[in-house]
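Data block below; observations after.
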Amino acid sequence: MESDAIRIIIVEDDRDLRESLETYLSMSGFLVEGVGTSREFYRALDSHSFDIALLDIGLPDQSGIVLAEYLHNNTYTGIIMLTAKDSDEDKLRGYDAGADIYLTKPIDSRMLASAVTNLAYRLKPHRGTIMQEVSTSEWLVNKASWNLQTADGKVVPLTPLEVKFLTLLSDSPGVPVSRADLLQELYSRSDDYTGKALDVMLYRLRAKITAVSELPLPVKSIRTQGYCLTAPLTFR
């Protein structure tokens, strides 16, 4: 397979549909990874960058709308919503979240492959670019009360480990801290077990924030480099 093949992530909890799409798109020459939950989606982003994301809205653990917002705010990934929700209101929510294309199920696989190809090459100038710009919207960590105030004023309780994680990233916003260094600082060792523990911590932190705020956690995973802040973070 060509090294410049379009890389796709499919986020779809219907296993039969997901595997069917994976098979067809793989046979069409794309590099495809399929996941069934938002947790698996975030974990996949820690390992790879993707040119196109196919997102279902009705996921079991987090709305595909939230995933679209995260991709739109933190990556150059093209976003195709692929869902059974076909009302005008649903479509508006999808486009407002950053979707480039909104398709309703069922869809002809050939049409989907064509949409993927056209979108990927329209976005081609940005493929592989790492975005490390830092937003001007400030977040605040209160170390006395162990909480995080989002840029839109919502308050989220933090664990000591979450505070330490954010502290490690706060010294240089926009500059990645390696995953190995984070694991060593947080857990005093770097291995598969602590790697999974970090994934779970990040998943739970993101979920706490999206439960009360429309803003995503301002932490970006950068493939092969680590994690960095994408917004100013103040401690008091």
- Among D152, D14, D108, which one shows the biggest mean-square fluctuation in a GNM of the chain, springs joining Cα atoms closer than 10 Å? D108
- Task: Sort W146, W139 so the one with the fewest other Cβ atoms within 10 Å of its own Cβ comes first.
- Result: W146, W139
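Can you tell me the length gained on complete extension of the stretch L168 to Y24, counting 0.36 nm per residue apart and subtracting the Cα distance?
47.6 nm is the gain from fully extending L168 to Y24.
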- Using the Karplus equation 6.51 cos²θ - 1.76 cosθ + 1.60 (θ = phi - 60°), what ³J(HN,Hα) coupling, rounded to whole Hz, does each residue of the stretch 174-191 give in order, writing x for Gly and Pro? x, 9, x, 9, 5, 4, 4, 5, 5, 5, 5, 6, 7, 10, 6, 6, 10, 8
- Message: If neighbour count is taken as other Cβ atoms inside 10 Å, put V32, V155 in order from fewest to most.
- Response: V155, V32
- Under 20 Å Cα to Cα from K91, which aspartates and glutamates show up? Leave out anything in the same chain fewer than 8 places away. E12, D13, D56, E69, D100, D108, E214
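Tell me the relative contact order for the chain as a rounded percent, counting alpha carbon contacts under 8 Å between residues six or more apart.
Details: 384 pairs, mean separation 41.8, N = 236.
Relative contact order of the chain: 18 percent.
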- Query: Going down the table (K164/K208; K154/K196; K154/K220; K105/K220), which pairs top 26 Å between alpha carbons?
  - Reply: K154/K196; K105/K220
- Item | GNM result for the chain, Cα springs below 10 Å: residue of G98, G78, G153 fluctuating most strongly | G153
- 5 angstrom amide H check on V177, placed H, neighbours 5+ away: Y227, C228
- Query: How far is helix 109-122 tilted, in degrees, relative to the longest principal axis of the Cα atoms in the chain, given as a value from 0 to 90 rounded to the nearest 10?
  - Reply: 50
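May I ask for the Rg/Rh ratio of the stretch 139-235, computed from Cα atoms with Rh as the Kirkwood radius, given to two decimals?
0.94
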- By the scheme Lys and Arg +1, Asp and Glu -1, what is the net charge of all other residues having a beta-carbon under 12 Å from that of R39? -1
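Readers should treat all values here as calculations from the given coordinates under stated rules, not as data from a laboratory. No experiment lies behind these values; they were computed from the predicted model shown. Virtual Cβ from ideal backbone geometry, glycine too; neighbours counted across all protein chains shown.
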